[in-house]
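Scroll down for the structure; my scribbles are underneath it.
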Amino acid sequence: MLFLLNKSRKDCLEELRILGGDEDKAVLLVGDAVYLGLPGQAGAFENLGVDEVFADADSAAARGVALDDSVAAVGFERMARLIMDDHDQVISL
Amino acid sequence: MSRTLTIALLSGSTENDDAAFVLKLARAVLARGDAVNVFLYGNGCNLANKPVPFDGRSPISDALRQHMDGYVLAGAIEELAAAGAKFATCHTTEYSRGTEGLAYLDGVAWGDVGNSYTRFLMSTDVLLTIGR
């Protein structure tokens, strides 16, 4: 199950917890949501049982931020694979 | 086997980077050989129309114009449509914004939720809703 987040509001994390339950979970951060992937923030995903966290490299670069080491910066080709191939469910929050 | 991504885009072009992101993702998905539908709903319908030429001197500075040009997406939408992406807008959300009746970009179709969007959904493998 892949969650696509494009907003930095923390409510998304609670929605992710409720919707994700015990399923295997990955997260793709785009736009302002990359702020959730900063050092000091990204640990919340581990607490929610998220296995992998990806972030749009362009969104991070546009905001001049450095992502936490646990977050993989990806381009659009990889994002397309994540969304179209790698997960049987994709949920945009 | 080709799959189909449908994106309901609820943001316009300049209030955030949702629209720019959607078009870049659409380009990447098309490049894989998959199909893309984009339904322009809510403020997303503001992306549907032909730009109106402005005669005269705009007071926009060169620096601001350069920044804003990255969010002028008419050309990108027409390129994607020419490459096979399907775009439909919601005439009801256009009506409430006073834009119903304006000329559409090449490749953007008049539409509605009950018909256009539903037809998109019937052939969709992955649905994303991008907005605020």
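Hey, could you check region A:1-54 for residues that are part of a helix (DSSP H, G or I) and of a type in the set (Asp, Glu) and say which is modelled with the highest pLDDT?
A:ASP32
Would region B:3-23 turn up any residue that is of a type in the set (D, E, K, R), assigned to a loop (DSSP other than H, G, I, E, B), within 11 Å of chain A (Cβ to nearest Cβ) and open to solvent by 10 Å² or more (accessible area, probe 1.4 Å)?
yes
Which one of the conditions (1) more than 10 Å from the chain's Cα centre (by Cα); (2) open to solvent by less than 50 Å² (accessible area, probe 1.4 Å); (3) among the aliphatic types (A, V, I, L, M) does A:LEU19 fail to meet, given that it meets all the rest?
Result: A:LEU19 passes all but (2).
Looking only at region B:61-114, filter to residues that are of a type in the set (Val, Ile, Thr) and closer than 18 Å to B:SER13 by Cα; which one of those is surrounded by the fewest Cβ atoms within 10 Å (Cβ to Cβ)?
Residue satisfying both the conditions and the ranking: B:VAL72.
Out of A:LEU2, A:LEU93, report the one residue that is under 25 Å from B:ALA26 (Cα atoms), touching a Phe, Trp or Tyr at 6+ places or on another chain (Cβ under 7 Å) and touching a residue at least 40 places away in the same chain (Cβ under 8 Å).
Every option except A:LEU93 fails the conditions.
Do we have B:LEU80 as modelled with pLDDT of 95 or more, aliphatic (A, V, I, L, M) and in a helix (DSSP H, G or I) here?
In short, yes.
Has region B:87-98 got at least one residue that is part of a loop (DSSP other than H, G, I, E, B) and closer than 19 Å to B:ALA19 by Cα?
yes
Give me the residue from region B:44-60 that is among the polar types (S, T, N, Q) and open to solvent by less than 60 Å² (accessible area, probe 1.4 Å) and, out of that set, nearest to the chain's Cα centre (by Cα).
B:ASN49
Would you pick out the residues in region B:114-129 that are away from chain A (no Cβ under 14 Å) and either aliphatic (A, V, I, L, M) or free of Cβ contacts under 8 Å to residues at least 24 places away in the same chain (or both)?
Within region B:114-129, B:GLY114, B:ASN115, B:THR118, B:ARG119, B:LEU121, B:MET122 qualify.
Within region A:83-93, track down each residue that is more than 8 Å from chain B (Cβ to nearest Cβ) and either more than 11 Å from the chain's Cα centre (by Cα) or assigned to a strand (DSSP E or B) (or both).
Selection gives A:ASP85, A:ASP86, A:HIS87, A:ASP88, A:GLN89, A:ILE91.
Give me a count of the residues in region A:37-58 that are over 12 Å from the mean Cα position of the chain (by Cα), crowded, with 18+ Cβ neighbours inside 10 Å and either more than 9 Å from every other protein chain (Cβ to nearest Cβ) or hydroxyl-bearing (Ser, Thr, Tyr) (or both).
Qualifying residue count, region A:37-58: 0.
Tally the residues that are free of Cβ contacts under 8 Å to residues at least 40 places away in the same chain, out of contact with any strand residue (DSSP E or B) (no Cβ under 7 Å at 6 or more places or on another chain) and at the interface with chain A (Cβ under 9 Å from one of its Cβ atoms), restricting the search to region B:26-42.
Adding up the residues that qualify gives 3.
Just to be sure before I move on: is A:VAL65 of a type in the set (Val, Ile, Thr), open to solvent by 20 Å² or more (accessible area, probe 1.4 Å) and modelled with pLDDT of 90 or more in the structure I sent?
The answer is yes for A:VAL65.
Considering each of B:VAL52, B:VAL38, B:VAL72 in turn, give the residue that is under 23 Å from A:VAL90 (Cβ atoms) and not in a helix (DSSP H, G or I).
That would be B:VAL38, the only listed residue that is under 23 Å from A:VAL90 (Cβ atoms) and not in a helix (DSSP H, G or I).
Going by what's in this entry, would A:ASP51 be described as of a type in the set (Asp, Glu) and within 17 Å of B:LEU128 (Cα to Cα)?
no
The values are calculated or read from the model by the stated rules, or taken from the named source; none is laboratory data. All figures in this text were calculated on a predicted structure; none of them were measured in a lab. Note that we place each Cβ from the backbone using ideal geometry, even for glycine, and neighbour counts take in every protein chain shown. Accessible surface is based on the protein model in full, side chains and every heavy atom, while ligands, DNA and RNA are left aside. Shrake-Rupley method; radii C 1.70, N 1.55, O 1.52, S 1.80 Å.
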